[in-house]
Amino acid sequence: MGFGRSCPTRRGASADFTRGRGGARCATAHTVTLLVAILVFMPQSPPLRVLLIEDSALLAARLIELVNPLPDVDLIDTVDTEADALDRISAGNPDLLILDLHLREGSGFGVLRSLALSSRPRPKIIVLTNFGLPEYRRAAELFGVEAFLDKAREYFRLPSLLTGFAKEHAVQDPH
């Protein structure tokens, strides 16, 4: 035998890692076993926790279908009023909000104002609205939103933005 460690072969004999065909297979099997053990026991970073604030049930359903398959993104709830949004933000500590500006009761700007006045750290915010007016965009940017998307023209950007924020989140909070 050479310098390598031994490994049982099909016939129960030892195979040398450094010589022969059985050793190569055995070395590969040990490597795979080690990698599986590392992945199983390695702490996983928590997913990006997303709260959807949208008054349209139809659009909320489409957004849920769009967001749920994304890796490392967890849609924690959907609400349709300013008051419910603020309650859920306080209770659930989402990492990111997808925020419509026009809600069933209250507004997305009311949510932004309340978060600006809060002493708690605010989640990242993606505004997704049918009202992509320049003055709305400027006002949202003054509140520090991370992205402002027009539902009709920029809807397709949402998955890539969420995936990017999820990657940032994993680096900032590795466990």
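Here are some notes:
- Tallying residues that are surrounded by 17 or more Cβ atoms within 10 Å (Cβ to Cβ) and free of Cβ contacts under 8 Å to residues at least 60 places away in the same chain within the range 147-160 yields 4.
- Residue list for the range 81-113, restricted to those being within 18 Å of GLY144 (Cβ to Cβ) and hydrophobic (A, V, I, L, M, F, W, C): ALA85, LEU86, ILE89, LEU96, LEU97, ILE98, LEU99, LEU101, PHE109, VAL111, LEU112
- Residues that are without any contact (Cβ under 8 Å) to a residue 12 or more places away in the chain and hydroxyl-bearing (Ser, Thr, Tyr) are absent from the range 132-142.
Here's the yes/no breakdown for (1) touching a Ser or Thr at 6+ places or on another chain (Cβ under 8 Å); (2) among the polar types (S, T, N, Q); (3) surrounded by 13 or more Cβ atoms within 10 Å (Cβ to Cβ); (4) assigned to a helix (DSSP H, G or I):
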| site | (1), (2), (3), (4) |
| --- | --- |
| ALA60 | yes, no, yes, yes |
| LEU66 | no, no, yes, yes |
| PRO71 | yes, no, no, no |
| ALA91 | no, no, no, yes |
| VAL127 | no, no, yes, no |
| LEU162 | no, no, yes, yes |
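- Checklist (1) closer than 19 Å to ILE64 by Cβ; (2) in contact with a His (Cβ under 7 Å, 6 or more places away or on another chain) applied to PHE131, failing item: (1)
- Residue within the range 99-113 that is part of a helix (DSSP H, G or I) and either in contact with a Phe, Trp or Tyr (Cβ under 6 Å, 6 or more places away or on another chain) or at pLDDT below 95 (or both) present: yes
- When residues in the range 58-89 are screened for being of a type in the set (Ser, Thr, Tyr) and in contact with a Lys or Arg (Cβ under 8 Å, 6 or more places away or on another chain), 1 of them pass.
- The selection criterion, being surrounded by 15 or more Cβ atoms within 10 Å (Cβ to Cβ), over 22 Å from ASP84 (Cβ atoms) and either in contact (Cβ under 8 Å) with a residue 12 or more places away in the chain or over 21 Å from the mean Cα position of the chain (by Cα) (or both), holds for ALA166.
The values are calculated or read from the model by the stated rules, or taken from the named source; none is laboratory data. Computed from a predicted model, the values in this text were never measured in an experiment. No Cβ is skipped: glycine too gets one built from the backbone with ideal geometry, and neighbour counts run over all protein chains shown.
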